[in-house]
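The values are calculated or read from the model by the stated rules, or taken from the named source; none is laboratory data. No experiment lies behind these values; they were computed from the predicted model shown. All Cβ positions, even for glycine, are placed from backbone atoms using ideal geometry, and neighbour counts span all protein chains on display. What goes into the accessible areas is simple: the full protein's heavy atoms, side chains included, and nothing from ligands, DNA or RNA. Shrake-Rupley method; radii C 1.70, N 1.55, O 1.52, S 1.80 Å.
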Amino acid sequence: REAPIPKMLAPCLLRRAILTVSLVFVVALLVTEPVRADQEAGTAIPAESRPCVDCHAFEFMQRALQDLKKTAYNLDTR
């Protein structure tokens, strides 16, 4: 039969376990490299070759306007 754990030893082991888990968590946070918000997995396009946000918005609006013109023309021809 196993000997029971003394009453004073249980809280000590619990504190040691909590401290160990906390320490491992902190070390893991320090070791891992933070992911930036502008970083996506597998896409590393240099800033010089990426169009600016205004260019993207302008192109999107141009395409939307073309789609609206096509839709209006299709409705007119019916």
Tally Lys and Arg at +1 and Asp and Glu at -1 over the other residues with C-beta under 12 Å from the C-beta of Asp76: what net charge comes out? +3
Integer Hz, Karplus 6.51/-1.76/1.60 couplings in order for region 16-28, x for Gly and Pro: 5, 5, 5, 5, 5, 4, 4, 5, 4, 4, 5, 4, 4
To the nearest 10 square angstrom, how much accessible area does Phe25 have with a 1.4 angstrom probe? 130 Å²
Once label points are set 7 Å from the Cα along Cα→Cβ at both Lys70 and Leu29, what is their separation, rounded to one decimal in nm? 5.1 nm
